[in-house]
Amino acid sequence: MVRARGRFASGGARPAHWCLVTIHATPHTPHALLLESIHPDAETALRASGCAVTTLDRALDEDELIERLDGVHVLGVRSKTNVTERVFEATPDLLAVGAFCIGTNQIDLHAASARGVAAFNAPFSNTRSVVELALAEIIALTRRLTEKDRAMHDGVWDKSAEGLHEVRGRRLGIVGYGNIGTQLSVLAENLGMSVLFYDTADRLALGMARRAASLEELLESVDVVTLHVDGRPDNNNFFGDAEFARMRPGSLFLNLSRGFVVDQESLRRRLESGHLAGAALDVFPDEPKGRGDEFVSPLRGMPNVILTPHIGGSTEEAQQDIGRFVAGKLADYLTVGTTSLSVNLPGLAMANRLGEHRLVHIHRNTPGVLAAINGIFAAEKVNIDAQHLGTRGDVGYVLTDVGADLAESVLDALAALPETTRLRVLS
Ligand SMILES: NC(=O)c1ccc[n+]([C@@H]2O[C@H](COP(=O)([O-])OP(=O)(O)OC[C@H]3O[C@@H](n4cnc5c(N)ncnc54)[C@H](O)[C@@H]3O)[C@@H](O)[C@H]2O)c1
């Protein structure tokens, strides 16, 4: 059974915060709604954690989503369902949202935090898939495979070694040495490439890879440049005429990061002039909305240019991993209150419950809240077995294990704190 009560901290016409939602984990069964054909492993993982699960193979619009979320505690979406402020306002039972993908733009994270709803995503699950595509493309471009393939399909037997190379011994320049860049670094070295990388942040060089002191140094030194930077606004048109001009004649270029990072016209000119020997692009500034829509680009039809429809992270393995990873995060949040890798709440992990009950308290992060919480415990003679506090911006998160029988008056007092956004009890 879910006991949910709400009161609005601001007292105004518009709810600022849901103040009290208490959930008793046993024998209560939380309900999960998974949309957009999320991988079945997610349903299995959530059921194993005690959830009742409903699945739908499509996205929902705002009104239908609100209607469907009545009595739902966990929502799973991919990229096509928008979880707006209005959705959060209308669904006080909702405890957590899982984005079964990388991006979280479709979720109003500010509104989620303000109502004490935890959000999770899968930041790493498809990184290996991107790395494998990049490696395949580096080899394909170096051997001019797509040209040979096209000629064969046109009935032309073009047997010649001219312009075809091994990747062994070639220099790879990785721009952006994060989750993807570092994995690529290790695998490329295993193929015999020597790796130079450039990153604006301090990153540990893996294996024999070397760090370039500047982007310019990297561009002037390597045979293949591959971009794996993130999508921060500063990276808009980060790579244009000046950067292509610095690249060595005959070198190769790859972008599997974000489309808006590269000036497409500059790239076309450098390919046409022969300054670059080839390129592979998986992401574009203007990507078609739907499957089957026309793809418009100045790079279409160019020789030794590989164009793929943003499929770097799209493999069945990645989808399965995303399903398991996000469902695991949601299940841990429901059962023990763990928020590790949450995209909006402070990350806290306090493994097994030490006391009879675990109080999960989300609040507005202002000075003195922890003292106020513990003042209530002291006044009500509740002994604390373990406690952790985490803060993130204006959100505070406290997990407290207590052994005593929990009187309603303790919960009422915690809920009545003006900073309280949400309170759950796991018993
Ligand atoms: N093609 C696909 O299907 C696909 C799939 C997954 C991820 N991606 C994209 O790949 C990119 C990398 O993903 P990740 O998980 O490795 O990200 P990440 O955040 O782990 O790493 C990005 C790295 O780039 C660095 N960086 C940012 N701007 C830079 C700049 N201007 N110069 C040098 N370094 C810079 C950051 O410091 C960071 O180390 C992201 O843009 C992501 O959206 C694409």
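The values are calculated or read from the model by the stated rules, or taken from the named source; none is laboratory data. On a predicted model such as this, the values are computed, not experimentally measured, just so you know. Because the Cβ atoms are built from the backbone with ideal geometry, glycine has one as well, and the counts that use them run over all protein chains shown. Side chains are part of the model used for accessible areas, which takes the heavy atoms of the whole protein and leaves out ligands, DNA and RNA. Shrake-Rupley method; radii C 1.70, N 1.55, O 1.52, S 1.80 Å.
Things to note:
- Residue match in segment 131-139 (condition: aliphatic (A, V, I, L, M), away from the ligand (no atom under 16 Å from the Cβ), open to solvent by 20 Å² or more (accessible area, probe 1.4 Å) and part of a helix (DSSP H, G or I)): yes
- Residue satisfying all of: in segment 199-240; within 12 Å of LEU172 (Cα to Cα) and in contact with a Ser or Thr (Cβ under 6 Å, 6 or more places away or on another chain); nearest to the ligand (Cβ to nearest atom) among these: LEU227
- In segment 113-130, of all residues being part of a helix (DSSP H, G or I) and farther than 22 Å from HIS228 by Cβ, the one that is nearest to the ligand (Cβ to nearest atom) corresponds to SER113.
- Subset tally (residues that are at pLDDT below 95 and among the polar types (S, T, N, Q)) for segment 88-124: 3
- Among (1) open to solvent by 40 Å² or more (accessible area, probe 1.4 Å); (2) in contact with a strand residue (DSSP E or B) (Cβ under 9 Å, 6 or more places away or on another chain); (3) in a helix (DSSP H, G or I), the one test that ARG324 misses: (2)
- Among (1) in contact with a Gly (Cβ under 9 Å, 6 or more places away or on another chain); (2) part of a helix (DSSP H, G or I) - the single one HIS310 does not satisfy: (2)
- When restricted to residues that are in a loop (DSSP other than H, G, I, E, B) and open to solvent by less than 70 Å² (accessible area, probe 1.4 Å), segment 288-307 contains 8.
- Looking across segment 311-345, the residues that are small (Gly, Ala, Ser), touching a residue at least 24 places away in the same chain (Cβ under 8 Å) and under 29 Å from HIS361 (Cβ atoms) come down to ALA327, GLY328, ALA331, GLY337, SER342.
- Residue check, ALA280 open to solvent by 50 Å² or more (accessible area, probe 1.4 Å), within 15 Å of the ligand (Cβ to nearest atom), on the phi < 0 side of the Ramachandran plot and modelled with pLDDT of 95 or more: no
- With respect to the conditions (1) polar (S, T, N, Q); (2) crowded, with 23+ Cβ neighbours inside 10 Å; (3) under 17 Å from ASP282 (Cβ atoms), SER185 lacks only one, and its number is (3).
- Filter pass, HIS363 being open to solvent by 40 Å² or more (accessible area, probe 1.4 Å), out of contact with any Cys (no Cβ under 9 Å at 6 or more places or on another chain), at pLDDT 95 or above and not small (Gly, Ala, Ser): no
- Any hit, segment 177-198, residues being charged (D, E, K, R), within 9 Å of the ligand (Cβ to nearest atom) and without any contact (Cβ under 8 Å) to a residue 40 or more places away in the chain: no
- Selection count, segment 410-427, where residues are open to solvent by 10 Å² or more (accessible area, probe 1.4 Å) and over 16 Å from HIS363 (Cα atoms): 1
- Residues of segment 41-72 that turn out to be open to solvent by 80 Å² or more (accessible area, probe 1.4 Å) and either assigned to a loop (DSSP other than H, G, I, E, B) or within 22 Å of ALA318 (Cα to Cα) (or both), as a count: 7
- Extreme residue, least open to solvent (accessible area, probe 1.4 Å), among residues of segment 215-244 that are closer than 12 Å to GLY176 by Cα and of a type in the set (S, T, N, Q): THR226
- Of the criteria (1) buried (at least 17 other Cβ atoms within 10 Å of the Cβ); (2) in a loop (DSSP other than H, G, I, E, B); (3) more than 31 Å from the chain's Cα centre (by Cα), which one ILE373 fails: (2)
- Scanning segment 245-277 for residues that are small (Gly, Ala, Ser) and either within 11 Å of the ligand (Cβ to nearest atom) or crowded, with 17+ Cβ neighbours inside 10 Å (or both) gives SER251, SER257, GLY259, SER266, ALA277.
- For segment 73-112, the set of residues classified as within 16 Å of the ligand (Cβ to nearest atom), open to solvent by 30 Å² or more (accessible area, probe 1.4 Å) and of a type in the set (Gly, Ala, Ser) consists of SER79, GLY103, listed by residue number.
- Residue, most open to solvent (accessible area, probe 1.4 Å), within segment 379-409, restricted to residues that are β-branched (Val, Ile, Thr) and under 37 Å from the mean Cα position of the chain (by Cα): THR391
- Subset of segment 264-284 (residues that are under 31 Å from the mean Cα position of the chain (by Cα) and among the small types (Gly, Ala, Ser)): SER266, GLY278, ALA279, ALA280
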